[in-house]
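> This is the structure I have questions about; it appears just below.
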Amino acid sequence: MDLKAYLAEKREMVDKALERFMPRPEGPATDLIEAMNYSLFAGGKRLRPILCIAGAEAVGGDGEKVLPAACALELIHTYSLIHDDLPAMDNDDLRRGKPTSHKVFGEAMAILAGDGLLTEAFNMLGQLGLQGGLSADIMKRTIGIIAAASGWQGMVGGQAVDIQSEGKDIDIKVLDYIHSHKTGALITASVVSGAVIGGATQTQIDDLTLYGEKIGLAFQISDDILDIEGSAEEMGKGTGGDSRKGKNTFPSIYGLNESKEILGRSIDSAIKSLDRFDHRADPLIQIARYIIERKK
């Protein structure tokens with residue numbers, strides 16, 4: 001399959017849906033809506049919503065039906081980036097090749113834009129039943145999966161431990177916790193929520209959960225490596241920040257070469273977890289391979 005064409009097609013599909021779902025900047029909340037849309041439409045890869053669509057398709061589901069969930073995942077991801085970039089967090093000036101939200105709108109509005117995106121994400125999830133005719137059980141499971149992956153049990157929990165660990169010596173268990181929660185949880189939830197909406201069996205969900213965990217780890221290791229070897233021009237954000245901030249990463253603990261080996265093994269395990277699927281899982285296999293080759 002042509003992964004580049006697949007990603008472009010699904011990214012366009014997600015972008016059009018986001019444009020339909022998101023409010024227009026008008027009324028007293030104009031500045032807030034502009035700040036929300038600024039970061040959301042800044043040109044991201046849309047990896048998480050695409051994984052949601054691919055997860056549904058892998059189990060024979062309809063990609064169109066998962067669009068509210070796919071878009072919700074992108075809103076949650078974007079909110080996390082806005083907050084990550086704040087001076088109290090990672091204090092970054094660039095994101096997706098553009099000045100970060102707080103540089104354009106100020107810290108207070110950036111915080112509120114993140115809050116607005118997170119809240120609107122769950123409004124979108126509420127559209128699942130209306131648009132897709134899904135049962136209350138499927139909606140409950142999907143919202144539960146995404147909420148757990150986004151909050152203290154997932155992404156936010158990982159971010160908290162990441163910040164607390166800066167400049168400290170930590171063991172491998174803590175590093176694994178940071179990576180699997182800060183990055184891996186929402187990636188896993190993206191694949192699994194799509195599969196649940198698509199009508200997956202429990203065996204399929206188990207396999208896709210393992211796939212998501214492995215590519216989530218691989219994606220963060222890839223980010224760690226790119227922070228050392230990548231360029232700001234390609235990545236659309238500054239590089240070398242992990243070292244300056246004293247962050248614990250796979251390269252800082254394992255070294256660059258072993259980190260690359262762990263990355264490769266994680267991708268191999270992710271692909272192996274899809275052995276029971278047919279050709280409809282090909283996009284997931286190709287996305288896993290793309291993580292090794294990505295430059296941004």
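> Could you please let me know if Gly167 is under 21 Å from Gly246 (Cβ atoms) and at pLDDT below 90?
Considered against the rule, which asks whether it is under 21 Å from Gly246 (Cβ atoms) and at pLDDT below 90, Gly167 comes out as yes.
> Applying the selection to segment 264-284, what residues are surrounded by fewer than 21 Cβ atoms within 10 Å (Cβ to Cβ) and either under 14 Å from Ser222 (Cβ atoms) or among the hydrophobic types (A, V, I, L, M, F, W, C) (or both)?
We begin by selecting, within segment 264-284, every residue surrounded by fewer than 21 Cβ atoms within 10 Å (Cβ to Cβ); these are 264-265, 268-269, 271-272, 274-280, 282.
Passing the criteria: Gly264, Arg265, Ile271, Leu274, Phe277.
Here is a yes/no grid of residues against (1) in contact with a Ser or Thr (Cβ under 7 Å, 6 or more places away or on another chain); (2) closer than 23 Å to Pro28 by Cα:
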position	(1), (2)
Ala54	no, no
Ala58	no, no
Tyr79	no, yes
Ala113	yes, yes
Met124	no, yes
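> Then there's this: Please go through segment 100-142 and pick out each residue that is at pLDDT below 95, outside any helix (DSSP H, G or I) and surrounded by fewer than 19 Cβ atoms within 10 Å (Cβ to Cβ).
Gly126, Gly133, Ser135
> Which one is modelled with the highest pLDDT among residues in segment 201-225 that are among the hydrophobic types (A, V, I, L, M, F, W, C) and open to solvent by 20 Å² or more (accessible area, probe 1.4 Å)? Talk me through it step by step, then tell me what you get.
Initially, segment 201-225 is screened for residues among the hydrophobic types (A, V, I, L, M, F, W, C), giving 205, 208, 210, 215, 217-219, 221, 225.
Still in the list and also open to solvent by 20 Å² or more (accessible area, probe 1.4 Å): 210, 217.
Numbers: Leu210: 98, Leu217: 94.
Residue satisfying both the conditions and the ranking: Leu210.
> Just the residues that are touching a residue at least 40 places away in the same chain (Cβ under 8 Å), surrounded by fewer than 20 Cβ atoms within 10 Å (Cβ to Cβ) and under 17 Å from the mean Cα position of the chain (by Cα), please, taken from segment 14-44.
Listed by number, the residues that qualify are Ala42, Gly43.
> When only residues in segment 58-76 that are more than 27 Å from Ala108 (Cα to Cα), small (Gly, Ala, Ser) and open to solvent by less than 10 Å² (accessible area, probe 1.4 Å) count, which is nearest to the chain's Cα centre (by Cα)?
Selected residue: Ala70.
> Find the residue count for segment 247-260, including only residues that are open to solvent by less than 30 Å² (accessible area, probe 1.4 Å) and out of contact with any Pro (no Cβ under 9 Å at 6 or more places or on another chain). I'd like the intermediate steps shown before the answer.
Initial filter on segment 247-260 (open to solvent by less than 30 Å² (accessible area, probe 1.4 Å)): 247-251, 255, 259.
If we keep only those that are out of contact with any Pro (no Cβ under 9 Å at 6 or more places or on another chain) as well, we get 247-251, 255.
Going through segment 247-260 one residue at a time, the tally reaches 6.
> May I ask you to list the residues in segment 77-94 that are within 14 Å of Tyr38 (Cα to Cα) and open to solvent by 50 Å² or more (accessible area, probe 1.4 Å)?
Leu94
> Given the criterion over 14 Å from the mean Cα position of the chain (by Cα) and within 23 Å of Asp223 (Cα to Cα), identify the matching residue among Tyr6, Tyr79.
On the way: Tyr79 fails: over 14 Å from the mean Cα position of the chain (by Cα).
Only one candidate passes the filter, namely Tyr6.
> Scan segment 35-87 residue by residue and report those that are closer than 21 Å to Leu128 by Cβ, of a type in the set (Val, Ile, Thr) and assigned to a helix (DSSP H, G or I).
Ile50, Ile53, Val66, Ile76, Thr78
> May I ask you to list pairs of residues, at least six apart or on different chains, whose Cβ atoms are under 7 Å apart, with the first in segment 148-160 being farther than 15 Å from Glu213 by Cα and the second being open to solvent by 30 Å² or more (accessible area, probe 1.4 Å) and in a helix (DSSP H, G or I)?
Every condition considered, the pairs that remain are Gly157/His181; Gln159/Lys182.
> For segment 228-246, give me the residue count where each residue is at pLDDT 85 or above and either surrounded by 14 or more Cβ atoms within 10 Å (Cβ to Cβ) or closer than 16 Å to Val174 by Cβ (or both).
Adding up the residues that qualify gives 1.
The values are calculated or read from the model by the stated rules, or taken from the named source; none is laboratory data. These numbers come from a predicted model, not from an experiment. All Cβ positions, glycine included, derive from the backbone under ideal geometry; neighbour counts span all protein chains shown. With ligands, DNA and RNA removed, areas are computed over all heavy atoms of the protein, side chains included. Shrake-Rupley method; radii C 1.70, N 1.55, O 1.52, S 1.80 Å.
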